[in-house]
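Novice: Sending over a structure as structure tokens; questions will come in a sec.
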Amino acid sequence: MKIVKVSLQISNFEQTVNFYQDILQFKMITFNTNCAAFQIGESILELIKDHEDNAYYYHFAFNIYANLFAEAKNWLSTRLTLLKEDDMDEIDFDGKTQANACYFEDPAGNIVEFIARRTTSPISDDKEFSIDHILSISEISLTTANVRETAGKLDKIGIPIRDGKELKKMSLNFIGEFEDGAFILLGPIGRRWLFSTKNAIQAPIIIQTNKGIIDNF
């Protein structure tokens, strides 16, 4: 599976759009008073203004080149404050995942991650990081009260649980093939997000993949 486009409904619309355009320097490809879309490597991140100010938030991650994690973290640190877990502002995932990651929060309250997957992302010849070294949207949260039903719908369109693992109704499930380095993070309401004090909430979302569209608006 590849994540082609993600559409999120957010409050603090103007501040969040400015953050991605001015602070992170993402390329804006469409904009009006209700919606802004940014090119994220091979993916698109679309932010839709929530006129009712529900303060929805999501977790999503961006894939970066496997060998540019330290450079990306330094680049981020000059622009924003990184989130911490146990007084650490980065994590080294061992086991099969084999990745380094760091996290920050945007003005809409989203928990955002830069992740360098050492076994599935390519290596760059460049020595410095820029926004052009973001490869794609790597992960997007899908929080629901109906984890099993949602997993079944994803499986029917060709997006299985990673490594054929058994579905976990009360914790996080990585949905997608390991080799693609892109996952829908399917989980229940109420679990805490790593590097955050926030618990997962159900929020409107459209996820467009190369396998099909998941529409939870």
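The values are calculated or read from the model by the stated rules, or taken from the named source; none is laboratory data. Treat the numbers as computed from the prediction; the structure is a model and nothing was measured. Using ideal geometry, Cβ is built from the backbone for each residue, glycine included, and neighbour counts are taken over all protein chains shown. For the accessible areas, the whole protein counts, side chains as well, though only heavy atoms, and no ligand, DNA or RNA atoms are used. Shrake-Rupley method; radii C 1.70, N 1.55, O 1.52, S 1.80 Å.
Novice: Limited to the range 108-125, what total is found for residues that are part of a loop (DSSP other than H, G, I, E, B) and either free of Cβ contacts under 8 Å to residues at least 60 places away in the same chain or within 15 Å of the chain's Cα centre (by Cα) (or both)?
Specialist: Within the range 108-125, residues that are part of a loop (DSSP other than H, G, I, E, B) and either free of Cβ contacts under 8 Å to residues at least 60 places away in the same chain or within 15 Å of the chain's Cα centre (by Cα) (or both) number 9.
Novice: Looking at (1) loosely packed, with under 15 Cβ neighbours inside 10 Å; (2) in contact with a Ser or Thr (Cβ under 8 Å, 6 or more places away or on another chain); (3) closer than 26 Å to residue 17 by Cα, can you tell me which one residue 200 breaks?
Specialist: (1)
Novice: Could you tell me which of the residues 101, 55, 66 is more than 21 Å from residue 143 (Cβ to Cβ) and not aromatic (Phe, Trp, Tyr)?
Specialist: The match here is 66.
Novice: Also: Taking only the range 101-120 into account, find how many residues are more than 22 Å from residue 15 (Cα to Cα) and surrounded by fewer than 22 Cβ atoms within 10 Å (Cβ to Cβ).
Specialist: Residues meeting the conditions: 3.
Novice: Turning to a different aspect of this structure: Pairs needed: first member in the range 174-187, on the phi < 0 side of the Ramachandran plot; second member anywhere, in a strand (DSSP E or B) and of a type in the set (Asp, Glu); C-beta distance under 9 Å; at least 6 residues apart or different chains.
Specialist: Cβ pairs passing all conditions: 174/139; 182/139; 183/139; 184/139; 185/139.
Novice: Do we have any residue at all in the range 128-141 that's farther than 24 Å from residue 96 by Cα, surrounded by 15 or more Cβ atoms within 10 Å (Cβ to Cβ) and under 17 Å from the mean Cα position of the chain (by Cα)?
Specialist: yes
Novice: Against the condition open to solvent by 10 Å² or more (accessible area, probe 1.4 Å), within 16 Å of the chain's Cα centre (by Cα) and among the hydrophobic types (A, V, I, L, M, F, W, C), how does residue 183 come out, does it pass?
Specialist: So residue 183 fails the test.
Novice: Condition test on residue 31, is it closer than 24 Å to residue 205 by Cα and surrounded by 14 or more Cβ atoms within 10 Å (Cβ to Cβ)?
Specialist: When the stated conditions are applied, residue 31 does not pass them.
Novice: Check whether at least one residue in the range 162-171 is farther than 19 Å from residue 1 by Cβ, crowded, with 22+ Cβ neighbours inside 10 Å and hydrophobic (A, V, I, L, M, F, W, C), and report yes or no.
Specialist: no
Novice: Still on this structure, please answer the following. Which of the strands (runs of 3 or more DSSP E) contained wholly in the range 131-217 include at least 1 residues that are at pLDDT below 95 and acidic (Asp, Glu)? Walk me through how you get there before you give the answer.
Specialist: Values: elements: 134-143, 173-175, 183-187, 205-209, 213-215.
By residue number, 213-215.
Novice: For the range 103-135, which positions are among the polar types (S, T, N, Q) and closer than 15 Å to residue 185 by Cβ?
Specialist: If the condition is that a residue be among the polar types (S, T, N, Q) and closer than 15 Å to residue 185 by Cβ, then 110 is the only one that fits.
Novice: Quickly run through the range 49-95 and pick out the residues that are free of Cβ contacts under 8 Å to residues at least 60 places away in the same chain and open to solvent by less than 40 Å² (accessible area, probe 1.4 Å).
Specialist: 50, 66, 69, 73, 75, 76, 80, 82 - these are the residues of the range 49-95 that are free of Cβ contacts under 8 Å to residues at least 60 places away in the same chain and open to solvent by less than 40 Å² (accessible area, probe 1.4 Å).
Novice: Quick test for you: out of 25, 15, pick the one residue that is more than 18 Å from the chain's Cα centre (by Cα), open to solvent by 70 Å² or more (accessible area, probe 1.4 Å) and touching a residue at least 40 places away in the same chain (Cβ under 8 Å).
Specialist: 15
Novice: Could you list, in sequence order, the residues of the range 64-85 that are within 15 Å of residue 121 (Cβ to Cβ) and polar (S, T, N, Q)?
Specialist: 67
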